[in-house]
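Reviewing the structure listed below.
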Amino acid sequence: MGTRMMPVGAYDVEAVRRDFPILRQQVYGKPLAYLDNAATTQKPQGVIDAVSEYYARSNANIHRGVHFLSEQATAAYEAVRDKARAFVGAADRSEIIFLRGTTEAVNLVAQAYGRSNLGPGDEVLITTMEHHSNIVPWQILCEQTGAALRVAPINDDGEVILEEYERLLRERTRIVGITHISNSLGTINPVREMIAMARRHGATVLVDGAQATAHTRVDVGALDCDFYTVSGHKMLAPTGVGFLYGRRQILDAMPPYQGGGDMIASVSFEKTTYNRLPQKFEAGTPHIAGVLGLGAAIDYLQEVGLERVAAHEEDLLDYATQKIAAIPGVRLVGTAQRKAAIVGFTLEQVHPHDVGTILDREGVAVRAGHHCAQPVMERFGVAATVRASFALYNTREEVDALERAILKVREFFA
Ligand code: C6P
């Protein structure tokens, strides 16, 4: 599948870039510097090929047909479940539920686990830095059950204040939802420590891994979390696919999330019984092509090596932080000690959307806005930020292009 030619040893970013056809283009006559990876990453040729080969050669529905193509598609789909299990260090393949991504995963847990386990007086604890996907499903759950939502505050660097977090863990805390890496601040949370604290208080813990899996190695066994969510499109895979890891005993005891085909053992008008894990939570025809693309993305990340990716991105983060912070009028938003390669900032006197638009004309793609984390914006007293977010194929030259473009914005508004 892969067409990579990267030598073992040195990190050859140019070789990585060659695997991503979209990066070869120019926009507005300028080389594209794609720095919006927290929104979605680009896809290597191996992922694109996995999707198109499925449609060209083995398209069929899975788990249903007795014919050759269906058996092939089923085997390929289930093989990705094994890859995903190993990728996040889960103990059992039935703990991997293929879904649309993190949003669907959190909603599944809130509805299927939360509604049957929470009642009036119970509490759900999250943090100020959560993405709306890890806020709103819990608010809906609280409205439905009479439970209350509690929020652990963050400090001026964008780090969770651990003493406050621990103080908010109480006897009635049933669920804790925390992000592994903040999409707006870049903070890498001390999730292992936070999970251990929550478990000491008997809470069930969900970790939002949307921003983590393309940048750092994840081991759900070592983390000891109950749920971990993955968005495929943020880790080189197609959009519309991801998965939920769930601890087996908890998933087994949970009622289904959605009803339909594939999630049943038998159906009659008198009584329907449900399928085993993981099919119990995979109602209807899934995104088969997407899952195959996800398998190719996992292969690609494993081949390049997440430790090497992390080291490369750390270098980019240091370089970019130094360059951007030195520009007069820049205020960094998110200065945690442990950070992923995400740099959020504002520029004095210029609206972030204007910054984003001018950067775009220079070929530099960033995101400007609230990043679906409005409580973070409120905490820092800004309406929006500009966010540059890096991935394994970005270069120091692209950071230089970003710096030049920000300086142009300053000149333009001076
Ligand atoms: N953040 C961003 O530009 P989905 O859309 O379901 O794959 O993931 C939602 C989500 C959940 N948690 C975190 C920490 C996220 O960053 C995201 C998606 C994108 O930052 C789009 S808003």
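Looking at segment 313-342, which of its residues are surrounded by fewer than 22 Cβ atoms within 10 Å (Cβ to Cβ) and assigned to a helix (DSSP H, G or I)?
E314, D315, L317, D318, Y319, T321, Q322, K323, I324, A325
Report every pair of residues separated by at least 6 positions or lying on different chains whose Cβ atoms are under 7 Å apart, first residue within segment 393-412 and of a type in the set (S, T, N, Q), second surrounded by 24 or more Cβ atoms within 10 Å (Cβ to Cβ).
As it stands, the answer is N394/L35, since those pairs meet every condition given.
Working carefully through the options A237, A296, find the one that is assigned by TED's automatic domain parsing to the domain that holds D208 and within 16 Å of the ligand (Cβ to nearest atom).
The conditions single out A237.
Name the residues in segment 264-286 that are out of contact with any Ser or Thr (no Cβ under 6 Å at 6 or more places or on another chain), assigned to a loop (DSSP other than H, G, I, E, B) and surrounded by 22 or more Cβ atoms within 10 Å (Cβ to Cβ), would you?
Within segment 264-286, E282 is the sole residue that qualifies.
Out of everything in segment 353-380 that is touching a strand residue (DSSP E or B) at 6+ places or on another chain (Cβ under 7 Å), in a helix (DSSP H, G or I) and farther than 24 Å from I135 by Cα, what residue ends up being nearest to the ligand (Cβ to nearest atom)?
Selected residue: G356.
Would you point out which residue out of A56, A39, A10, A91 is at pLDDT 95 or above, small (G, A, S), surrounded by fewer than 14 Cβ atoms within 10 Å (Cβ to Cβ) and out of contact with any Gly (no Cβ under 7 Å at 6 or more places or on another chain)?
When all the criteria are applied, what remains is A56.
Only one of D82, D36 is in contact (Cβ under 8 Å) with a residue 40 or more places away in the chain and of a type in the set (D, E); which?
D36
Mind checking which pairs have a first residue in segment 127-138 that is in contact (Cβ under 8 Å) with a residue 40 or more places away in the chain and a second that is assigned to a loop (DSSP other than H, G, I, E, B), Cβ under 6 Å, 6 or more apart or different chains?
Between residues of segment 127-138 that are in contact (Cβ under 8 Å) with a residue 40 or more places away in the chain and residues that are assigned to a loop (DSSP other than H, G, I, E, B), the close pairs are T128/P153; M129/S182; M129/L185; H131/N183; H131/C372; H131/A373; H132/C372.
Every residue, every condition in (1) among the small types (G, A, S); (2) farther than 14 Å from D36 by Cα, yes or no:
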{"site": "D318", "(1), (2)": "no, yes"}
{"site": "K323", "(1), (2)": "no, yes"}
{"site": "K339", "(1), (2)": "no, yes"}
{"site": "L347", "(1), (2)": "no, yes"}
{"site": "A368", "(1), (2)": "yes, no"}
{"site": "V376", "(1), (2)": "no, yes"}
{"site": "R379", "(1), (2)": "no, yes"}
{"site": "L392", "(1), (2)": "no, no"}
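Mind counting the residues in segment 161-183 that are over 22 Å from G114 (Cβ atoms) and crowded, with 24+ Cβ neighbours inside 10 Å?
Within segment 161-183, residues that are over 22 Å from G114 (Cβ atoms) and crowded, with 24+ Cβ neighbours inside 10 Å number 3.
Please work out which residue is nearest to the chain's Cα centre (by Cα), limiting yourself to segment 37-78 and to residues that are basic (K, R) and part of a loop (DSSP other than H, G, I, E, B).
K43
How many residues are part of a helix (DSSP H, G or I) and either closer than 17 Å to R247 by Cα or more than 13 Å from the ligand (Cβ to nearest atom) (or both) when one looks only at segment 105-137?
13
One line per residue, one yes/no per condition, for (1) surrounded by 24 or more Cβ atoms within 10 Å (Cβ to Cβ); (2) assigned to a loop (DSSP other than H, G, I, E, B):
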residue: L185; (1), (2): yes, yes
residue: T213; (1), (2): yes, yes
residue: T216; (1), (2): no, yes
residue: G221; (1), (2): no, no
residue: C225; (1), (2): yes, yes
residue: K234; (1), (2): yes, no
residue: P238; (1), (2): no, yes
residue: L244; (1), (2): yes, no
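Which ones in segment 142-165 are more than 16 Å from E130 (Cα to Cα) and within 25 Å of the chain's Cα centre (by Cα)?
C142
Checking the condition over 28 Å from G344 (Cα atoms) and either within 13 Å of the ligand (Cβ to nearest atom) or not assigned by TED's automatic domain parsing to the domain that holds E378 (or both), which residue from I175, I154, I188, I161 passes?
Checking each option against the conditions leaves just I175.
The values are calculated or read from the model by the stated rules, or taken from the named source; none is laboratory data. Since we're looking at a predicted model, the values are computed, not measured. Cβ sites come from the backbone with ideal geometry, for glycine too, and all protein chains shown count toward neighbours.
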